[in-house]
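Each remark here refers to the structure printed beneath this line.
The values are calculated or read from the model by the stated rules, or taken from the named source; none is laboratory data. For clarity, every value in this text was computed on a predicted model and none was experimentally measured. Methodologically, a virtual Cβ is constructed for each residue, glycine included, from the backbone with ideal geometry; neighbour enumeration extends over all protein chains shown.
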């Protein structure tokens, strides 16, 4: 398995407080890896250590096989980074910002100009390429910053809150771009507060809380970690006696809200079979049956509350 | 290894271009670069009738060099930090040497070009340049030296350019008064000469005076050597301290 990010026991403290405390994780080649956590959980500090901006107090991080502490320049050559608080140079045009970034990555002039042209078109900024960035909207600035992070055709992208505070159109455009980049085999480490975004984009998610990793898994597996997955919601087209239902051995807890029954169980499969048989025997039709999946938000709240 | 240094130097040139476009090519920056030393010079000129034009022009050249080469370089880093461009700059594959060298190169170009203004004024009012090569070499070396000083002044980890400007003024103005610009080194008391010897501006003013046909107080080779030594010290200190303070700015 090819890992492009390997983090071993990364620790960073400010004064007495450990903002990142022994963090370990690995990111596979070609995946979008989400990094979630509440404010002050240590996400940005971790990303800053992984991008060589700050040094850890202890631990190691390998980026594309390079030790980021010992060989930062080699690792950075292949990275694209959108930091949490970043801006393009507002006194330069979109084109000048892109070419400056290309120069700082050492991209040959011809390649840089072609890529700048392509990226401006992809991010819907081509018409404004010669305008100073100070006249751009927040969404346009953020699209430009992402384009700047892609000018060197990086293998690995670090995106810290790339859609935070953006209009819907820009957010959608950026998310589409991220999916396209994954299709091209790029690896993306995405820090976000937007759980729905993480749910839709990420193959795996790490939840960090108080400087420690609370969980790492796929969004679906994370959802299984809390009780709500073992719940079904069912609606019948006739009268059902709650007492009869509560006698089912598969049902641990029963609630009725409106015309729906909410049934808690430790065996969803057996419960569905039993309830279907029961409805048949009573000659009552099942109008709707849903297994209730917890939202990632609920998982997030549960895991960060435990921490 | 040579290829690595060459690539990093090319990236320093990119930093230099960025600095020139964003920070130096501004009307007020250019005008103030000329006006401040000129006003200081005129204020001094009205109060001292006994000094020769050669002496005064060499002082003006020295002041202009100091003020222009240290005018913008100290505030670039706090500005970048305040404008949220510093963090991304730190993610690029450039070393701290590359970053500082780029800032210095921009400042050197600005300092050198603006310093040519008092040289031209001097020529216009009849001052002769006896040793032009020494003057040109001196201007280039001094612009590197004072630009490195400017980068050293940028090291306090504050994101407010006004704080750095204040610290910078606290260093620059005393340097003007102790460096033999207004009072020739020859007539200074012993303690005055001792203090002057710690200022790189003293040696630049001394070699400028030599270039304009006045005698130099120190041997010219010593002037050059001391400027180079100051440059190395300022650059090394700027790199060392920036390495420590840059992450504190974000």
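The residue of region A:91-130 that is farthest from residue A:47 (Cα to Cα), among those that are at the interface with chain B (Cβ under 7 Å from one of its Cβ atoms) and touching a helix residue (DSSP H, G or I) at 6+ places or on another chain (Cβ under 6 Å), is A:91. Scanning region B:138-164 for residues that are surrounded by fewer than 16 Cβ atoms within 10 Å (Cβ to Cβ) and assigned to a helix (DSSP H, G or I) yields B:140, B:162, B:163. Within region A:71-79, one or more residues are within 9 Å of another protein chain (Cβ to nearest Cβ), in contact with a strand residue (DSSP E or B) (Cβ under 7 Å, 6 or more places away or on another chain) and part of a strand (DSSP E or B). None of B:232, B:221, B:227 is closer than 17 Å to residue B:144 by Cα and surrounded by fewer than 16 Cβ atoms within 10 Å (Cβ to Cβ) except B:232.
For the structure I just gave you, tell me whether residue A:189 is touching a residue at least 40 places away in the same chain (Cβ under 8 Å), part of a strand (DSSP E or B) and within 23 Å of residue B:89 (Cα to Cα).
Numbers: touching a residue at least 40 places away in the same chain (Cβ under 8 Å): yes; part of a strand (DSSP E or B): yes; within 23 Å of residue B:89 (Cα to Cα): yes.
Judged against the criteria, residue A:189 is a match.
For residue A:30, indicate whether it is closer than 17 Å to residue A:185 by Cα, touching a strand residue (DSSP E or B) at 6+ places or on another chain (Cβ under 7 Å) and part of a loop (DSSP other than H, G, I, E, B). In short, yes. The strands (runs of 3 or more DSSP E) found wholly in region A:236-305 and carrying at least 1 residues that are touching a strand residue (DSSP E or B) at 6+ places or on another chain (Cβ under 6 Å) and touching a residue at least 24 places away in the same chain (Cβ under 8 Å) occupy A:260-265, A:286-291.
Of all the listed residues (B:33, B:47), the sole one being surrounded by 23 or more Cβ atoms within 10 Å (Cβ to Cβ) and either modelled with pLDDT under 90 or within 21 Å of the chain's Cα centre (by Cα) (or both) is B:33.
Which residue, of A:90, A:82, is in the same structural domain as residue A:179 (by TED's automatic domain parsing) and either surrounded by fewer than 20 Cβ atoms within 10 Å (Cβ to Cβ) or over 13 Å from residue B:90 (Cα atoms) (or both)? Spell out the reasoning first.
Values: A:82 fails: either surrounded by fewer than 20 Cβ atoms within 10 Å (Cβ to Cβ) or over 13 Å from residue B:90 (Cα atoms) (or both).
None of the other options fit; the residue is A:90.
What do you reckon, is residue B:60 surrounded by 24 or more Cβ atoms within 10 Å (Cβ to Cβ) and at pLDDT below 90? It is true that residue B:60 is surrounded by 24 or more Cβ atoms within 10 Å (Cβ to Cβ) and at pLDDT below 90.
Can we say residue A:22 is facing chain B (nearest Cβ under 8 Å), at pLDDT below 95 and either farther than 18 Å from residue B:87 by Cβ or in contact with a helix residue (DSSP H, G or I) (Cβ under 6 Å, 6 or more places away or on another chain) (or both)?
Details: facing chain B (nearest Cβ under 8 Å): no; at pLDDT below 95: yes; either farther than 18 Å from residue B:87 by Cβ or in contact with a helix residue (DSSP H, G or I) (Cβ under 6 Å, 6 or more places away or on another chain) (or both): yes.
No, not satisfied.
The residues of region B:65-113 that are without any contact (Cβ under 8 Å) to a residue 12 or more places away in the chain, at the interface with another protein chain (Cβ under 10 Å from one of its Cβ atoms) and in a helix (DSSP H, G or I), listed by number, are B:80, B:88, B:89, B:91.
Scanning region A:38-53 for residues that are on the phi < 0 side of the Ramachandran plot, touching a strand residue (DSSP E or B) at 6+ places or on another chain (Cβ under 7 Å) and part of a loop (DSSP other than H, G, I, E, B), which turns out surrounded by the fewest Cβ atoms within 10 Å (Cβ to Cβ)? Give the steps one after another, and end with the answer.
Taking region A:38-53 first, the residues on the phi < 0 side of the Ramachandran plot are A:38-39, A:41, A:43-51, A:53.
From what is left, the residues that are touching a strand residue (DSSP E or B) at 6+ places or on another chain (Cβ under 7 Å) are A:38, A:41, A:43-47, A:49-51.
From what's left, part of a loop (DSSP other than H, G, I, E, B): A:38, A:41, A:51.
On the way: A:38: 16, A:41: 22, A:51: 26.
Going through the qualifying residues, I end up with A:38.
Pick from A:216, A:208: which is out of contact with any helix residue (DSSP H, G or I) (no Cβ under 8 Å at 6 or more places or on another chain), closer than 22 Å to residue A:29 by Cα and part of a strand (DSSP E or B)? Lay out the reasoning, then the answer.
Details: A:208 fails: out of contact with any helix residue (DSSP H, G or I) (no Cβ under 8 Å at 6 or more places or on another chain).
Testing whether each residue is out of contact with any helix residue (DSSP H, G or I) (no Cβ under 8 Å at 6 or more places or on another chain), closer than 22 Å to residue A:29 by Cα and part of a strand (DSSP E or B) leaves just A:216.
Could you list, ordered by first residue, the pairs with Cβ atoms under 6 Å in which the first is in region B:8-25 and more than 10 Å from chain A (Cβ to nearest Cβ) and more than 15 Å from residue B:96 (Cβ to Cβ) and the second is modelled with pLDDT under 95 and in a helix (DSSP H, G or I), at least 6 apart or interchain? Hits for this filter: B:24/B:110.
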